[in-house]
Structure formats: C-alpha cells, structure tokens
1. Only one of these is in contact with a Lys or Arg (Cβ under 8 Å, 6 or more places away or on another chain) and free of Cβ contacts under 8 Å to residues at least 24 places away in the same chain: 95, 18. Name it.
2. Residue by residue through the stretch 328-341, note down the ones that are of a type outside the set (A, V, I, L, M), within 28 Å of residue 34 (Cβ to Cβ) and touching a helix residue (DSSP H, G or I) at 6+ places or on another chain (Cβ under 9 Å).
3. Of the residues that make up the stretch 143-157, is at least one of a type in the set (Ser, Thr, Tyr), crowded, with 24+ Cβ neighbours inside 10 Å, modelled with pLDDT of 95 or more and not in a helix (DSSP H, G or I)?
4. Scan 220, 246, 182 and give me the residue that is surrounded by fewer than 23 Cβ atoms within 10 Å (Cβ to Cβ) and of a type in the set (Val, Ile, Thr).
5. With the structure loaded, tell me whether residue 259 is outside any loop (DSSP other than H, G, I, E, B), touching a Ser or Thr at 6+ places or on another chain (Cβ under 7 Å) and not aromatic (Phe, Trp, Tyr) or whether it fails that test.
6. Can you find a residue that is at positive phi and either touching a strand residue (DSSP E or B) at 6+ places or on another chain (Cβ under 9 Å) or hydrophobic (A, V, I, L, M, F, W, C) (or both) anywhere in the stretch 141-157?
7. Within the stretch 286-324, take every residue that is farther than 27 Å from residue 8 by Cβ and in contact (Cβ under 8 Å) with a residue 40 or more places away in the chain and give me the one that is surrounded by the fewest Cβ atoms within 10 Å (Cβ to Cβ).
8. May I ask you to verify whether residue 215 is surrounded by fewer than 21 Cβ atoms within 10 Å (Cβ to Cβ), within 29 Å of residue 125 (Cα to Cα) and aliphatic (A, V, I, L, M)?
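The values are calculated or read from the model by the stated rules, or taken from the named source; none is laboratory data. Values in this document were obtained by computation on a predicted structure and should not be read as measured data. When we count neighbours, we look across all protein chains shown, and the Cβ atoms used for this are built from the backbone with ideal geometry, even at glycine.
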Amino acid sequence: MKPIERFKAKFQGLPADRCLFCPAIYEHKAALIDKSPAEVALDANLLVESVLAEYETYEPDMLTVGIDIYNVEAEAVGCKILFPDTKDAVPTIERRIFNDDGIDLGKLLAFDVEKTARLPLMLEACEKVNAKLGNTVPVRGVVSGPYSIAVGLMGIESAIMLVSSDPQGFDELMKYCTNVSINYAKAIVKRGLSVCVFDSYASPPLISPEIYENAVLPYIKRLSDALKAAGCGFSEYVIGGATNPIAEYMLKSGFDIILSDFSSDIEKFVNASGSARLIRRNISPFLIENGPQDELIAQVRQTKAVASMYDNVIIGTGVISYNCPPQNLLKVKKICIETEK
C-alpha cells in the first residue's frame, strides 16, 4: 500500500497492511540536506528539498511542511525572530510584542496570508510538496493554535497571568489569535493540503485543566469548525507533554487526530469518548537519540502493541532533534512495521 492508501484505510476504520509510522520531523529535516534550520526556514526551495529528503529517508505515512513551529504567525503580526548562524540551532522569538504593561491589540501588525513575512514562503513550500508527493503520502501544513500564538506574543507567564487578571482582555486576544489561525489554515487548505495544529503551550502544568476547558477549548473548537467548513481533508491537534488532565477535552475538540505524547497515559485517550478518529501515540525522541537501547526497544514494542490492540492508534514520535542519527529513527521504524514472527 502507498502511505496515502494506508492512511485512508486507517482513517476509515478499515484494515491496513501494517501500522502507520508518523515521526515528528521539523528541524531534523534540515540536517538531511546539510543545512541549518535557519537556512531552511528562510528559503521555500530548501524547505521543499528538506521535506523530499525526509520522505526519501524515512518514507513516513504522513508529511508535515514546517520547520520552526510557533514562529511563523507570531512573526507575521510583529514579533522579531532570531535566525541563528549555529548549524543545529532552531529559530526563536527574540522580541515579543507585548510586555508586562498588558496587551494593546493596536500594536499588532495587519497581515495578509498571501503577502506578509514568511507566510507566502510556507504556502509556496506546501503547494510544491503537495504537487510532488500528495498522491503518494498525506501532506499537511502547520498552523499554531490560538493560545500558543498568544504565548508567542507575550510570553508564557504573562499569558497565564492575563487569564485571571484580565479575562476580557484575554478573551479579545484569543479571538484575534483564533482568526490568525483560521485565516492561515484556510490558505493551506485552499492549496489542497490538510492541517496540523500545534498548541503545546496549552499543556499542563503550564495551564490548569480548568483554564484549558473554559478559556482555550472554545477557540480550538472554533478553529476545528472552520477547518471542516473550509473542506480540510483531515486535521490533527498536537499538545505535547503530560496531557492526561485534558485528554477528554482534547478528544472533544473536533479534530480528526489527537496526540497522546509519550509522557501521557494512552489509556486516558483510548478510553475517553470524543470525535477523534485516530490517536497518534508518541515514542520518546530522547530515547531514540540517546537510549539506553533496551529501554527504547521496550517502549517501541509497547507502543506497537498498543497500536495492534486499538484500531484507532497510529505510531508517532516526539520531535526528532537536528542531531539525531537517521539510523536510530530507521531502526525504530523497522521494529514498528516489521511482522512479528
């Protein structure tokens, strides 16, 4: 089966020839073409080349066109991004828009998804990768979740304080950030791709389950509804970390695929009711890169057993680092997809 056939079968609850293997490869794809993440993040052609190298190297069952997650939308509305010269360093937000004085939405730059900052660069790369590989493997664009955009604009501590100190201000900020996510996501869907939404700044214990349910989830549902209305083929919602306390809310967000990271309890996800069709269960990227090997193999086999037990579970990884040796990840894939004797 082609990856796209395997994915469609799994998505529809039908048998596939093997389990799906969907590693999280962002800055690592730059290493595959011997470029720095900063170089790839600033060049659409290099980003396309790096995604093609990712597919050639690992033949994953899904591809994600993105590299410096969480920076693109923040940059478009006015944050300054640092693009380090260091070979393995990932771009980061160097200057945020808001400080301890509070928020002023008037400080945010007007933006056009087709023209502003790196948004058109990312859309160009999405379109080119999908044209080359979209008939073979599912291709997704990357969108930051509304809360994670808010954190990018003001920092995690200020965002947490704003929820309690100025609920109305926080609500206005979340409305704005949700519209940013929706507008960008629609442009990706317009180009024939699906969408993966990243929102790991909303992971406990960074925020409480109560704050997530009442102050974040309503906007995630709005984003999910907008994706469906735009004709998105499938959507994934990613929050890394120990997400057990918000598992039930994530599963009711309206997204088609929900992440259960390696530090979460997979049973919390497979036993909770919700609309998600698939759950992506991660293997620790730290074990993949550094071992110990016996612990890594045990986790891989345990994850494979879970995927065999539950028809709606697919196998993923946490974010693979720039310096992770490709043979390490290839070994993990081999164990995941090989037929047990």
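1. Numbers: 18 fails: free of Cβ contacts under 8 Å to residues at least 24 places away in the same chain.
Among 95, 18, only 95 is in contact with a Lys or Arg (Cβ under 8 Å, 6 or more places away or on another chain) and free of Cβ contacts under 8 Å to residues at least 24 places away in the same chain.
2. 328, 331, 333, 336
3. Looking only at the stretch 143-157, we keep the residues that are of a type in the set (Ser, Thr, Tyr), and these are 144, 147-148.
Keeping just the survivors that are crowded, with 24+ Cβ neighbours inside 10 Å gives 144, 147-148.
Within this subset, residues satisfying the condition of being modelled with pLDDT of 95 or more are 144, 147-148.
If we keep only those that are not in a helix (DSSP H, G or I) as well, we get 144.
So far as the stretch 143-157 goes, yes, one or more of its residues are of a type in the set (Ser, Thr, Tyr), crowded, with 24+ Cβ neighbours inside 10 Å, modelled with pLDDT of 95 or more and not in a helix (DSSP H, G or I).
4. Every option except 182 fails the conditions.
5. Here the answer is no, as residue 259 does not meet what is asked.
6. Yes.
7. Selected residue: 323.
8. On the way: surrounded by fewer than 21 Cβ atoms within 10 Å (Cβ to Cβ): yes; within 29 Å of residue 125 (Cα to Cα): no; aliphatic (A, V, I, L, M): yes.
So residue 215 fails the test.
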